[in-house]
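In what follows, a structure is listed as structure tokens, so that the remarks can point back to it.
The values are calculated or read from the model by the stated rules, or taken from the named source; none is laboratory data. This one's a predicted model, so the numbers in the text were calculated from it and none came from an experiment. Glycine gets a Cβ as well: all are built from the backbone with ideal geometry, and neighbour counts include every protein chain shown.
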Amino acid sequence: MLTAARSVADVTVHDLYDAYSDFDIDVAREQALLLAHDIIVWQHPFYWYSTPPLVKQWGDLVLVHGWACQRDGTALHGKRWLHAVSTGGSEQAYQHNGNNRFTIRELLAPLEQTARLCGMRWLAPFVVHGTHVLVDDAFVEAAHDHARVLTALRDGVLDEDAAAELPRLNANVAALLRQV
């Protein structure tokens, strides 16, 4: 998925683990990057029902009261937030009757609420399930769909109203693309 994201023109890829391997986050730099973009994509493996540690720390330090949220915190109002996640578990494992008892959308609820608290528009997550058992063709298809979603967001041709309500954005990418 990272390679797919890098292949889309006018998409900024910012790898937190490359930038901050020491976990010493430059908050001013990160806030400037957020201000410079209308669509924020958190791309990461689904890690113990959440984000990896550095992504969590980033959120704690960068999305602060008075800047991103709460009183006078309007810096991110109107921007869009998308999670692009990969899981080791199958899609069936992330159902009410599955091993994990909750859907990915339900497990991402705290992040969805964070986006809403920041005045951002939440889109359904782009989820690639069962990555440890996927065959090459499935990886290629997922990467292609990811690039299509990023391109559609960039070009304003993704039906965001429909996308916001889906349990998983990439369940039917073609149906979300508006004809222009």
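Say we look at region 152-180 and pick out the residues that are assigned to a loop (DSSP other than H, G, I, E, B) and not polar (S, T, N, Q); which of these is modelled with the lowest pLDDT?
Step one: of region 152-180, the residues assigned to a loop (DSSP other than H, G, I, E, B) are 156-157, 159, 166-168, 172, 178-180.
If we keep only those that are not polar (S, T, N, Q) too, we end up with 156-157, 159, 166-168, 178, 180.
Numbers: G156: 92, V157: 92, D159: 91, L166: 85, P167: 87, R168: 88, R178: 71, V180: 46.
So the residue we want is V180.
Can we say I39 is touching a residue at least 60 places away in the same chain (Cβ under 8 Å), surrounded by 12 or more Cβ atoms within 10 Å (Cβ to Cβ) and not charged (D, E, K, R)? Outline the logic, then answer.
On the way: touching a residue at least 60 places away in the same chain (Cβ under 8 Å): yes; surrounded by 12 or more Cβ atoms within 10 Å (Cβ to Cβ): yes; not charged (D, E, K, R): yes.
Here the answer is yes, as I39 does meet what is asked.
Given (1) over 14 Å from the mean Cα position of the chain (by Cα); (2) farther than 15 Å from V41 by Cβ, identify the lone condition not met by T151.
It fails just one condition, (2).
Among the residues of region 93-151, how many are more than 21 Å from D38 (Cβ to Cβ), small (G, A, S) and either outside any loop (DSSP other than H, G, I, E, B) or in contact (Cβ under 8 Å) with a residue 40 or more places away in the chain (or both)?
6
Considering region 68-89 alone, what residues qualify as being of a type outside the set (D, E, K, R) and surrounded by 18 or more Cβ atoms within 10 Å (Cβ to Cβ)? It would help to see each step written out before you state the result.
Step one: list which residues in region 68-89 are of a type outside the set (D, E, K, R), which gives 68-70, 73-78, 81-89.
The answer is A68, C69, L76, W81, L82, H83, A84, V85, S86, T87.
Could you please tell me which pairs satisfy a Cβ distance under 6 Å, a separation of 6+ or placement on different chains, a first residue in region 71-82 that is among the aromatic types (F, W, Y), and a second residue that is at pLDDT below 95 and surrounded by 14 or more Cβ atoms within 10 Å (Cβ to Cβ)?
Between residues of region 71-82 that are among the aromatic types (F, W, Y) and residues that are at pLDDT below 95 and surrounded by 14 or more Cβ atoms within 10 Å (Cβ to Cβ), the close pairs are W81/W122.
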